[in-house]
Amino acid sequence: MKNFNLEKAGWLFMRGSGAVLIVLIFTHLSVNLLSDGGVKAIDFAFVAGKLANPFWQWFDVTLLWLALIHGANGMRTVINDYVLREKFRKGLLVALVASTALLIVMGTLVVFTLDPCPVGSPAELLPSFCPVA
Ligand code: HEM
């Protein structure tokens, strides 16, 4: 990997992920906002029902990772361009990497571990596939 160029890889990633994000975000918005009932239909049952489906789990995780890495890489460029004091620049980059990693880990955990049928919850708040207590 002698000729690997990190800045070039980042430049290509921003163009590729940007194109994919347009498709993912508009699908996300239309499924959540244009389905029956519109934004008013978004409640626990709606979200838990979606996240019980492996297709939407992988869709959401792809959107989460791409949006966060795309946003963080863009922010890295802004920090490198505008922050002149070396120590402050390094500190901001560390904070950026830490907050991005934390959000990726927490978001991924939510998507794959959310319990759609929490015990003891009123049946009318849960997705229709939950067993009635
Ligand atoms: C009016 C605008 C929006 C609404 C009403 C909305 C609604 C929702 C809802 C209901 C969920 C949970 C269920 C699901 O997966 O669909 C969700 C999750 C998510 N949304 Fe949105 N969204 C909006 C805009 C956006 C935008 C612009 C992005 C990205 C740039 C985005 C990224 C995500 C991600 C990554 C998740 C999964 C989060 C996780 O649990 O880790 N959303 N959104």
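Listed by first and then second residue, the pairs linking a residue in the stretch 5-16 that is under 17 Å from MET75 (Cβ atoms) to a residue that is of a type outside the set (Phe, Trp, Tyr), with Cβ atoms under 6 Å apart and 6 or more places separating them unless they lie on different chains, are GLY10/ASN73. Looking at ALA48, is it closer than 24 Å to LEU96 by Cα and at pLDDT 95 or above? No: the conditions fail for ALA48.
Among the residues of the stretch 99-122, the ones that are open to solvent by less than 60 Å² (accessible area, probe 1.4 Å) and part of a helix (DSSP H, G or I) come to 7 in all.
Being within 12 Å of the ligand (Cβ to nearest atom), charged (D, E, K, R) and part of a helix (DSSP H, G or I) is the filter; apply it to the stretch 30-88 and report the residue that is most open to solvent (accessible area, probe 1.4 Å). The selected residue is LYS40. Take LYS2 and decide whether it is over 20 Å from LEU126 (Cα atoms), assigned to a helix (DSSP H, G or I), more than 12 Å from the ligand (Cβ to nearest atom) and open to solvent by 90 Å² or more (accessible area, probe 1.4 Å). Taking the combined requirement at face value, the residue does not satisfy it.
The values are calculated or read from the model by the stated rules, or taken from the named source; none is laboratory data. All of these numbers come straight from a predicted model, not from anything done at the bench. Cβ: placed from backbone, ideal geometry, glycine included. Neighbour counts: every protein chain shown. SASA here: full protein model, heavy atoms, side chains in, ligands and nucleic acids out. Shrake-Rupley method; radii C 1.70, N 1.55, O 1.52, S 1.80 Å.
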